[in-house]
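What follows is a short report on a single structure.
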Amino acid sequence: MSIIGMISFTVLANILLKTGATLAPPGQFEQLLNWRITLGLCSFAVAACFYVLVLQWLPLNVAQSFTAAQFVAVILASALVLSEPIGPGQWLGISLIALGIVVVGWSWH
C-alpha cells in the first residue's frame with residue numbers, strides 16, 4: 001500500500017507542478033510560488049514519507065525497481081489530465097518499464 005501512496009502522491013505532485021508552472025510568466029521565478037507549486041512540493045514530501053515506509057520492508061534495489069511505476073503513472077496522468085499526447089516511443093518505453101518491474105517482481109526473493 002505504501003508503494004501506491006508514493007506513486008499517487010508523485011503523480012499528483014507532477015501534475016500540480018506542471019499546471020502551476022504554466023500559470024507563471026516565463027522567466028519570472030517569484031511567480032512560480034503559487035498554490036499549485038506549493039501543494040506540488042508538499043505532495044513530493046508526502047511521497048517521500050511513503051517511500052521511507054517502503055524502504056522499511058524492501059531492499060533498495062527492489063524498491064527502486066517497483067517505484068519505477070511512477071514514470072508510467074505520470075505519463076498516463078499527463079495524457080488523461082493535461083491532454084498531452086503519448087507517442088509510439090513513449091508507449092514502447094512504458095512497456096519496457098512495465099516489463100522490467102515484472103521481471104524484478106518475479107526474481108525477487
Task: Residues located in segment 18-47, provided they are loosely packed, with under 14 Cβ neighbours inside 10 Å and aromatic (Phe, Trp, Tyr) - done: PHE29, TRP35
Open item on the list: Cβ contacts < 7 Å: first residue part of a loop (DSSP other than H, G, I, E, B), restricted to segment 8-33; second residue hydrophobic (A, V, I, L, M, F, W, C) and at pLDDT below 80, any location; separation 6+ or different chain. Result?
Closed with: ALA24/LEU32
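Table: residues versus (1) under 19 Å from ILE101 (Cα atoms); (2) open to solvent by less than 70 Å² (accessible area, probe 1.4 Å); (3) without any contact (Cβ under 8 Å) to a residue 12 or more places away in the chain.
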position: CYS49; (1), (2), (3): no, no, yes
position: VAL54; (1), (2), (3): yes, yes, no
position: LEU60; (1), (2), (3): yes, no, yes
position: GLN64; (1), (2), (3): yes, no, yes
position: ALA69; (1), (2), (3): yes, yes, no
position: VAL74; (1), (2), (3): yes, yes, no
position: LEU80; (1), (2), (3): no, no, yes
position: ILE86; (1), (2), (3): no, yes, yes
position: TRP91; (1), (2), (3): yes, no, yes
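The values are calculated or read from the model by the stated rules, or taken from the named source; none is laboratory data. From a predicted model like this one, the values you see are computed outputs, not experimental measurements. Reconstructed Cβ throughout: ideal geometry from the backbone, glycine too, with neighbour counts over all protein chains shown. The protein model used for the area step is the full one, side chains on, heavy atoms only, and it has no ligands, DNA or RNA in it. Shrake-Rupley method; radii C 1.70, N 1.55, O 1.52, S 1.80 Å.
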